[in-house]
Every structure is written in structure tokens, then in C-alpha cells.
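Shown next, in C-alpha cells, is the structure this report addresses.
The values are calculated or read from the model by the stated rules, or taken from the named source; none is laboratory data. What you see is a predicted model, and the numbers here were worked out from it, not measured in a lab. Cβ coordinates were reconstructed from backbone atoms using ideal geometry, including for glycine residues, and neighbour counts include every protein chain displayed.
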Amino acid sequence: MTTRTDAVRGLIVWVALGLLCATLGCSGKEDAAATKIAAQGSDSVAAPAKPESAPAKPAAEPAPAKSEAAPVRPASAPATEPAKELTLDLGGGVTMKMILIRPGKFMMGSPVTEIDRFDNEVQHEVTISKPFYMGVTEVTQAQYEAVMGKNPSQFKGATNPVETVSWNDAMEFCKKLSDKTRQAVRLPTEAEWEYACRAGSKTKFSFGDVEEGLGDYAWYRANSDNTTHPVGQKKPNAWGLYDMHGNVFECCADWYGDYAKGAATDPSGPASGTARVSRGGALVSRPGYCCSALRRIGSPDIRSDRCGFRVVVSVSAPGTK
Ligand SMILES: [Ca+2]
């Protein structure tokens, strides 16, 4: 009897202790679970908002490395990437589309192995340190007239490139368009022009070395019928620029002079001179005159029906970022 009574008492004590432990939460497993829930709660505060249905993340799981998703950016690069395109409003419903040309290095000029290299094209390394916007086409007659109020071109057509303009005329266009748009509109330096023309290529033309392909990219002696053609009809180069080869020569900002001996950064030509440089060949040019490296020189006040221009805008100018 005593044994039965003791057993019943023992059972009652065992059940009571069990209930007490459950109430106080003294299980090792529950401890771990409680810690885990607390950690998850803390993690969810700092973590980005997640869909409610997303599975809970274990506390021990390392956070994903943010650097894997973020684009790699040089320390010196601007915090915000400039827009890839810029459209200038020239008034009267006329606009000018420009695209971003990013900084980089290239070999300016022709390699000595090119048998038709001109002496003034000695090859050297050039760094373009600043981004800029460049017109995707030569300045058209409609664009020129919208800014200057006249059209001096010999080969009339609103979307044909303006020609029979001098280097001085092109500079006046840049000044007026700068005033109109409050952007720093200017002619490209020779280095900027060739860098953009090559678009990463190292060959005679932006598309390769073989002249037979020139007709896909350019209006020149073999296919122009001795007239200019509306801009943007041929294939663009790899950076989206049209008619860099052919149609009309394009005025650059520089005075003509010998290239720097050795590497150069943002070269802009001599401080003074008697002739300006234009680039890219024209409707009457042989293929060799349409090469990326070829330099044509002329007086800044001479007007020619084979010479026009395209413009650039500095990215650092107000309103261009
Ligand atoms: Ca051209």
C-alpha cells in the first residue's frame, strides 16, 4: 500500500516538475530556437524589405556581398554616370541628337606599316580623359539654318550636311548654339574626332582595312555621284556615329601642327598657326582620304563645298549630367 502511495506521489511530483519546466522554458532546444527568432527579428530590421512569402533567412547565413552586384567604378569616376544621349533644341522644331563618348586611350595616327600613311600622321598614344557628347551626324542644313538663319550649301537638302562653310563659320555656329542652349557647344579636337571615329578600332577605317567595305559606311568618290547625301543613311560605326568617313570633311578645333612626341593626354594642337584641320574625307575623296587618321589642312576662312562639321558638348557643362 505504501509502495503504491509512494509511486502515486512520485508520479505527481514528476508531472509537477515537468509542468514547471515547461512554464519556465528550461529546455535546451527551446533556448536555441528563441535565440534564432530574436536574431531573425534583428536581421529583418536592417535588411531591405522582402516579400512576405520569402522564406526566413537563417541567422548564421552571411549577407550577400554587395560588391558583386554593384558596377565596378574607378575611384576618380563621377558618382553619377552621365546620360547616354543628349538632344539639343535648336528651335523651330529642329533638334540635334548627341551620344556620350566615354574616356579612354587609343593609338592616334597611322602605323608605319601602312604604305599610304601621310608623314603628318605619326602614330602615338593618346588619352581622352573626359567624356563628351558628339553629334551622331554632321550638322545638317536644317540645323545650320535654325541657328544661323541662312544656308550657304551648294548641294541643297534639309537633311544633307551643311557645306561651303569655313572654320570661322563653324565656330560662330558653336557660339550661337551655346548661347541658345546654355551648353558648351564646340568643335571636337582632332584627338576627340579620331578617337570617336575609330570607336575602338585600330584599322585604317573604323570597320577594317579593306577599302571594298567603304561603300557601306561612306559617301565618297566611288558612290556619291559628286553630291552630298542626307546624313545617317549609311552604317554607323561601333559607337553609333554616322558619316565619320565621307560625305563632307569635318572641321576640328585644332591649329595644324606636328603631333606630340610620345604619349599625350587631351592634346589640342599648337597654340597658334595658319591652317586648321578637317577630317574624314568627302564626296569627292579617294578611299585613302577617308581613313580615320587622315589630316586635311586649310585656311580657317576658306569655304568649300566638300567641308562641313559636327559638334561636341563637354559633359562637365551645366545641365549635361
Ligand atoms: Ca563626314
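Among 204, 150, which is more than 14 Å from the ligand (Cβ to nearest atom), surrounded by fewer than 15 Cβ atoms within 10 Å (Cβ to Cβ), under 30 Å from residue 273 (Cα atoms) and assigned by TED's automatic domain parsing to the domain that holds residue 307?
Numbers: 204 fails: surrounded by fewer than 15 Cβ atoms within 10 Å (Cβ to Cβ).
After ruling out the rest, the residue left standing is 150.
When residues in the range 237-265 are screened for being farther than 20 Å from residue 131 by Cα and in a loop (DSSP other than H, G, I, E, B), 12 of them pass. Considering only residues that are farther than 17 Å from residue 133 by Cβ and not aliphatic (A, V, I, L, M), which ones fall in the range 167-193? Those that are farther than 17 Å from residue 133 by Cβ and not aliphatic (A, V, I, L, M): 167, 168, 169, 172, 175, 176, 179, 190. When you look at residue 280, is it away from the ligand (no atom under 11 Å from the Cβ) and in contact with a strand residue (DSSP E or B) (Cβ under 7 Å, 6 or more places away or on another chain), yes or no? So residue 280 fails the test. Looking only at the range 296-306, decide whether some residue is on the phi > 0 side of the Ramachandran plot, away from the ligand (no atom under 16 Å from the Cβ), assigned by TED's automatic domain parsing to the domain that holds residue 187 and in a loop (DSSP other than H, G, I, E, B). No - not one qualifying residue is present in the range 296-306.
Against the conditions (1) part of a loop (DSSP other than H, G, I, E, B); (2) within 16 Å of the ligand (Cβ to nearest atom); (3) free of Cβ contacts under 8 Å to residues at least 24 places away in the same chain, residue 215 satisfies every one except (1). Checked against the criteria, residue 275 does not count as under 29 Å from the mean Cα position of the chain (by Cα), among the hydrophobic types (A, V, I, L, M, F, W, C) and away from the ligand (no atom under 14 Å from the Cβ). Among the residues of the range 126-170, just one is basic (Lys, Arg) and under 19 Å from residue 85 (Cβ atoms), namely 130. Of all the listed residues (191, 184, 222), the sole one being assigned by TED's automatic domain parsing to the domain that holds residue 291 and closer than 22 Å to residue 298 by Cβ is 191. Contact map, the range 231-259: residues that are among the charged types (D, E, K, R) paired with residues that are near the ligand (Cβ under 7 Å from one of its atoms) and in a loop (DSSP other than H, G, I, E, B), Cβ distance under 8 Å, separation 6+ or inter-chain. Pairs shown: 234/243; 234/246; 243/138; 243/280; 250/138; 250/244; 250/280.
Can we say residue 316 is modelled with pLDDT under 95, surrounded by fewer than 20 Cβ atoms within 10 Å (Cβ to Cβ) and either among the hydroxyl-bearing types (Ser, Thr, Tyr) or within 16 Å of the ligand (Cβ to nearest atom) (or both)? So residue 316 fits the description; yes.
Do you know which residues across the range 233-272 are hydrophobic (A, V, I, L, M, F, W, C) and away from the ligand (no atom under 12 Å from the Cβ)? Selection gives 238, 239, 253, 255, 260, 263, 264, 271.
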